[in-house]
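The values are calculated or read from the model by the stated rules, or taken from the named source; none is laboratory data. Since the model is a prediction, treat every value here as computed from it, not as a measurement. A quick note on method: Cβ atoms are made from the backbone with ideal geometry, for glycine too, and the neighbour counts reach across all protein chains shown.
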Amino acid sequence: MSARASEPAVAASLRGVGFAYERLDVLVGLDLEVRKGELLACVGPSGCGTSTLLAILGGHLRPTRGELERAGTSRTIYQDGGLFPWLTVAENVSAGVPRGTSHAEASRKVEDWLTTTGLSEFRDHHPHQLSGGMRQRVELGRALVAETDLLLLDEPFSALDYQTRVRMRRELVTTLAARPRTVVLVTHDIEEAVQLADRVVVLGARPSSVRRVLELPAGKRPRGPADPGVGAAEETLLEELGLA
């Protein structure tokens, strides 16, 4: 087998990417490949441009310099949520179904994802009747029902209490195991990054570029604090961010 044939497929590639808001450089010379099927976490100091990077990957912003290549479509889940308060759980999930899908197929997809995310019995509830964690599950179902190739998560669990965040990490892993796809997760939670990711990208201070890409041990996810390599990975990331 050739070296090229053995290389992982690439879902997105950024080469020399830069982005500036007027005269403020946010990203400079950023080189990164997102492997198809991986969960890639991005961490960095506050204001370093991780959300800007996610917006570029999602096609919401164009790089002011460099090149972006992306295979397929994407969907983004944000930290502050985006559910329609006047719609039920089922209707919110249905809002993610691609246009042109037949009514029968759309109904099947919605029921499928309500089951996958454990929301079937809450299908007729409205967002204000749900806990924070359940609202995030509705967000996840709505994003995944579109069956896009790339799922972009912008600190989706940051507003939740610790116990709910832990549960949501497990639910995300369970959902992705059932329906694999490529995921890029932006988080300021080092524990979350190490527990969930296949690789962690560390961005430097603004104007940002990639400081380091850390490969994490293969195996079960989410990883526990005592699992091999977890403690060392957390220490490495803390050192890279100047927190150790």
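Results, tabulated for the structure shown:
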item: Answer from Thr164, Thr174, Thr236 - the residue that is touching a strand residue (DSSP E or B) at 6+ places or on another chain (Cβ under 7 Å), of a type in the set (S, T, N, Q) and over 15 Å from Thr50 (Cα atoms); result: Thr236
item: Qualifying residue in the stretch 237-244 (condition: free of Cβ contacts under 8 Å to residues at least 24 places away in the same chain and either crowded, with 18+ Cβ neighbours inside 10 Å or among the acidic types (Asp, Glu) (or both)); result: yes
item: Residues of the stretch 29-79 that turn out to be in contact (Cβ under 8 Å) with a residue 60 or more places away in the chain, assigned to a strand (DSSP E or B) and not charged (D, E, K, R), as a count; result: 13
item: Matching option when the condition is closer than 14 Å to Val183 by Cα, in contact with a Pro (Cβ under 9 Å, 6 or more places away or on another chain) and among the small types (Gly, Ala, Ser), among Gly72, Gly37, Gly18, Gly49; result: Gly37
item: Long-range neighbours under 7 Å by Cβ, at least six apart or interchain, first residue within 19 Å of Gln129 (Cα to Cα) and part of a helix (DSSP H, G or I) within the stretch 85-112, second basic (Lys, Arg) and at pLDDT below 90; result: Asn92/Arg142; Val93/Arg142
item: Residue in the stretch 194-208 that is touching an Asp or Glu at 6+ places or on another chain (Cβ under 6 Å), in a loop (DSSP other than H, G, I, E, B) and in contact (Cβ under 8 Å) with a residue 40 or more places away in the chain present; result: yes
item: Condition broken by Val201, with the remaining ones in (1) closer than 18 Å to Trp113 by Cβ; (2) at pLDDT 90 or above satisfied; result: (1)
item: Criterion (assigned to a loop (DSSP other than H, G, I, E, B), at pLDDT 90 or above and within 26 Å of Gly229 (Cβ to Cβ)) met by exactly one of His125, His188; result: His188
